[in-house]
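Note sheet for the following structure.
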Amino acid sequence: MSTSDENFYGRDTLRYVRLALLVVPLLLMVAVVVYGLLNGKVEDSISSYYLGPSRDLFVAMLVSTGVLLVVYKGSPLEDYALNLAGFYAIFVALVPTRLGQTLSVLTASAQIQLIRSVQISVVAVLVVAAVFVWLEWKTNKWTPRALRTSRLSSILTISSTAALVAFIGLLLWRSIEGVDFAGVHYAAALLLILSMGVAIASHLGREDLCETDTSGGRSRHYAVLLILMALGIIGWFILHAAGVAQALFIVEWYEIGLFSYFWYLESRRLWESPTRAEKLGR
């Protein structure tokens, strides 16, 4: 039986998970600003900082964000999408951008060592992810019925699962190939953004959002966020066509800003939300 203290601690934990998802990106933002001031330049993408002195912070931020996204629990479709986003975030961190370029300046033995380290990381994450999926399945968290409660949720679930299967296929192919993991980093980054979009889309048409609304989190807010995310992707093509060197960097921070606002809305909406045990009167 849950006590009132346990209910409070559970709700407090969820509060800080949401706040952490707001705060963690600030670490990289500060590092990027300091790097720009010291070196007098801005890289062409956030991923490019992987190859510089901000590498450790870049990896730490993405891995911690990935873990937080997996730990966070929401409605079935939102939970599924956030788990996928967390899964992709870890691969954005562990599989270097421009790995081929990095390998080209290393000795043969150093090349083998770097490739092996990435292969080991990939296998480790896949094994842990498989165990996690099995546990979720055993506890009936991701039943087909729970994930497909409407036509929209069915489409999003099927699309997300198909993309996941394709990504794992790419990941296994590149791991066995053992060359430079071409396409893995950018595929993971794109799927991370799309999965976050699915998580936001899962809020559309949910009448229960208004029950705990505290100046944020109504359906129209999520619809606007999705539109702005789509415009960001379109904006990248426009900026890239216009020859803007930092086009990807600008769009990446634009999308991160939208994600941060999403977590702000969730924090506002659910700050005083009762725990499940409290709802059941325990």
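The values are calculated or read from the model by the stated rules, or taken from the named source; none is laboratory data. These numbers were taken from a predicted model, which means no experiment stands behind them. Note that we place each Cβ from the backbone using ideal geometry, even for glycine, and neighbour counts take in every protein chain shown. Heavy atoms of the whole protein, side chains included, go into the accessibility calculation; ligands, DNA and RNA do not. Shrake-Rupley method; radii C 1.70, N 1.55, O 1.52, S 1.80 Å.
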Residues located in the stretch 231-257, provided they are open to solvent by 50 Å² or more (accessible area, probe 1.4 Å), assigned to a helix (DSSP H, G or I) and either touching a Phe, Trp or Tyr at 6+ places or on another chain (Cβ under 7 Å) or farther than 18 Å from L28 by Cα (or both): L231, I233, I234, W236, F237, I238, L239, H240, A241, L248
So G205, is it modelled with pLDDT under 85, over 24 Å from G86 (Cα atoms) and not in a helix (DSSP H, G or I): yes
The stretch 64-74 - residue that is open to solvent by 30 Å² or more (accessible area, probe 1.4 Å) and among the small types (G, A, S) and, of those, nearest to W236 (Cα to Cα): S64
Filter result (open to solvent by 50 Å² or more (accessible area, probe 1.4 Å) and part of a helix (DSSP H, G or I)) within the stretch 125-145: V127, V128, A130, V131, F132, V133, W134, L135, W137, K138, P144, R145
Tabulated pairs, the stretch 4-22, first over 13 Å from L270 (Cβ atoms) and surrounded by 14 or more Cβ atoms within 10 Å (Cβ to Cβ), second modelled with pLDDT under 75 and of a type in the set (A, V, I, L, M), C-beta under 9 angstrom, 6+ apart or interchain: N7/A277
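In this structure, does S104 turn out to be surrounded by fewer than 17 Cβ atoms within 10 Å (Cβ to Cβ) and in contact (Cβ under 8 Å) with a residue 24 or more places away in the chain?
Values: surrounded by fewer than 17 Cβ atoms within 10 Å (Cβ to Cβ): yes; in contact (Cβ under 8 Å) with a residue 24 or more places away in the chain: no.
Criteria not met by S104.
If you go through the stretch 153-193, how many residues are out of contact with any helix residue (DSSP H, G or I) (no Cβ under 7 Å at 6 or more places or on another chain) and assigned to a helix (DSSP H, G or I)?
Of the residues in the stretch 153-193, the ones out of contact with any helix residue (DSSP H, G or I) (no Cβ under 7 Å at 6 or more places or on another chain) are 154-155, 158-159, 161-162, 165-166, 168-169, 172-173, 176-177, 179, 186, 190.
Next, only the ones that are assigned to a helix (DSSP H, G or I) stay: 154-155, 158-159, 161-162, 165-166, 168-169, 172-173, 176-177, 186, 190.
Selection size over the stretch 153-193: 16.
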Residues that are under 28 Å from S260 (Cβ atoms), open to solvent by 60 Å² or more (accessible area, probe 1.4 Å) and among the aliphatic types (A, V, I, L, M), drawn from the stretch 146-199: L152, I155, L190, L194
Qualifying residues in the stretch 32-63 (those that are open to solvent by 40 Å² or more (accessible area, probe 1.4 Å), touching a helix residue (DSSP H, G or I) at 6+ places or on another chain (Cβ under 6 Å) and assigned to a helix (DSSP H, G or I)) - the one nearest to F259 (Cα to Cα): V63
